[in-house]
1. In region 272-316, which residues are surrounded by fewer than 12 Cβ atoms within 10 Å (Cβ to Cβ), in a loop (DSSP other than H, G, I, E, B) and either under 38 Å from the mean Cα position of the chain (by Cα) or hydroxyl-bearing (Ser, Thr, Tyr) (or both)?
2. Could you please tell me which pairs satisfy a Cβ distance under 6 Å, a separation of 6+ or placement on different chains, a first residue in region 218-239 that is in contact (Cβ under 8 Å) with a residue 40 or more places away in the chain, and a second residue that is of a type in the set (Asp, Glu)?
3. Criterion first (assigned to a loop (DSSP other than H, G, I, E, B) and either farther than 29 Å from Phe35 by Cα or in contact with a Phe, Trp or Tyr (Cβ under 9 Å, 6 or more places away or on another chain) (or both)) does Glu136 satisfy it?
4. Which residue out of Ile184, Ile167 is open to solvent by 60 Å² or more (accessible area, probe 1.4 Å), modelled with pLDDT of 95 or more and more than 30 Å from Lys296 (Cβ to Cβ)?
5. Taking Lys80 as meeting all but one of (1) free of Cβ contacts under 8 Å to residues at least 24 places away in the same chain; (2) surrounded by 18 or more Cβ atoms within 10 Å (Cβ to Cβ); (3) charged (D, E, K, R), write down the number of the exception.
6. Can you name the residue in region 60-77 that is in a loop (DSSP other than H, G, I, E, B) and under 15 Å from Ile157 (Cβ atoms) and, of all such residues, is least open to solvent (accessible area, probe 1.4 Å)?
7. Specify the residue that is surrounded by the most Cβ atoms within 10 Å (Cβ to Cβ); the eligible residues are those in region 1-59 that are under 30 Å from Ser123 (Cβ atoms) and hydroxyl-bearing (Ser, Thr, Tyr).
8. Out of all the residues in region 99-117, which are assigned to a strand (DSSP E or B) and open to solvent by 20 Å² or more (accessible area, probe 1.4 Å)?
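The values are calculated or read from the model by the stated rules, or taken from the named source; none is laboratory data. Predicted, not measured: the structure shown is a model, and the values here were computed from it. Cβ placement follows ideal geometry from the backbone for every residue including glycine, while neighbour counts extend to all protein chains displayed. We work out accessible area using only protein heavy atoms, side chains counted, and drop any ligands, DNA or RNA first. Shrake-Rupley method; radii C 1.70, N 1.55, O 1.52, S 1.80 Å.
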Amino acid sequence: MKQLEHLITRRIHSTYMKRLFSPIIYLIFLTIIWFYTPMQSMVQPQVITDQDCISVLSDSGTQYIHATLSQLNFTGYTQKRFGIVTGYYYYTLRDDGCYLVLLSPHTCEEGLPQIPVINIRASIRRSPATLRILSEHIAGDLNWTKAGVEKQVSNCIISEPGFGVIINRLLLFCYFVSGLYALICIILYLLYAHFPILSPAGRQLGLYGKSSELLAQAEEELATLPQLATEDMYITEHFFIAFANKGVAVIPISEIIWIYKHSTLHNILWYHLRISYTLHITANKHLYIQFPKNMKSDIDGIIDYLAEANHDILVGFNEKNRKTVQAMPGVTRFTDGLIAFLKQKI
């Protein structure tokens, strides 16, 4: 049958080429975030010099900076959260004006009176509520008016703790880890699509012999005369073959040790829509695969044929079969949890 020639490799190729779509779209999404949000400046904060006006940078959208500040003087005020001091307020004079600087306790050694020079990564906080409160207190200390203080002090606070807050670090971690995962998926899917032997289906066959030879044999048997065929599942003389959106499975019939099905009732609120059936196959070498969303007649036909083709296969889910499979060499109670975790669904 011409339409079945090289069907396994063709389906592996098409499956993983389709799966490329999601990680590629996600990487495009991450790229947009990188260039159109402050994400890039968190990783590469803009280095500023004495000639740069921090207020102007803030107006242009710069949020994170790397600055060298000199002649910082402690104001006597601190920032507290939940009763714990998380920052110390200093002021410094720059070419572009006077700025309040919030330093972390470690950087300022918990409130040094003066700091000659310091190099920090910080965020620019524009017109925060704390600035108005500080202006009132500083005005009282200096016998100035609040308006006078606000005229002399920039409405931007340079905050070192604001640069490395936990939420920022968590965002960066999720950003890069998820991006790396998407990139790895793209590389793997391309490898699987162009080298089917490297795909999960090829690696599964490798458990029972030389995967290239077994795959070629399965292709030949499927192309010449499949002995049973449903919409997505085929049985040849020596292999059970299944196709699904998530992948392809090719299992030697002689290696299957247990098969059973279970039903799933699909509801929307109190309405029963339909019942689908999942075929479970356990094979030697710790291979466990599920085939969900199938018709009962298709699964019953597959189970009956496999049981007839290999009389050693245990059929049906019951305690006796479960204990029999569990007692087989290499399957122990210790691995039950791991087995459940590693179950593959196609």
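1. Taking region 272-316 and keeping what is surrounded by fewer than 12 Cβ atoms within 10 Å (Cβ to Cβ), we get 272-275, 285, 297, 308, 311-312.
Okay, now just the ones that are also in a loop (DSSP other than H, G, I, E, B), so 285, 311-312.
The one that is surrounded by fewer than 12 Cβ atoms within 10 Å (Cβ to Cβ), in a loop (DSSP other than H, G, I, E, B) and either under 38 Å from the mean Cα position of the chain (by Cα) or hydroxyl-bearing (Ser, Thr, Tyr) (or both): Lys285.
2. Ala223/Glu5; Thr230/Asp298
3. Working: assigned to a loop (DSSP other than H, G, I, E, B): no; either farther than 29 Å from Phe35 by Cα or in contact with a Phe, Trp or Tyr (Cβ under 9 Å, 6 or more places away or on another chain) (or both): yes.
Judged against the criteria, Glu136 is not a match.
4. On the way: Ile167 fails: modelled with pLDDT of 95 or more.
After ruling out the rest, the residue left standing is Ile184.
5. (2)
6. In the first step, residues of region 60-77 are kept if they are in a loop (DSSP other than H, G, I, E, B); the result is 60-63.
Still in the running and under 15 Å from Ile157 (Cβ atoms): 62-63.
On the way: Thr62: 27, Gln63: 69 Å².
Among those residues, the one meeting the criterion is Thr62.
7. Pass one, region 1-59, residues under 30 Å from Ser123 (Cβ atoms): 26-59.
Those left that are additionally hydroxyl-bearing (Ser, Thr, Tyr): 26, 31, 36-37, 41, 49, 55, 58.
Working: Tyr26: 17, Thr31: 11, Tyr36: 9, Thr37: 12, Ser41: 17, Thr49: 8, Ser55: 16, Ser58: 20.
So the residue we want is Ser58.
8. Just the residues of region 99-117 that are assigned to a strand (DSSP E or B), to begin with: 99-103, 114-117.
Matches in region 99-117: Gln114, Pro116, Val117.
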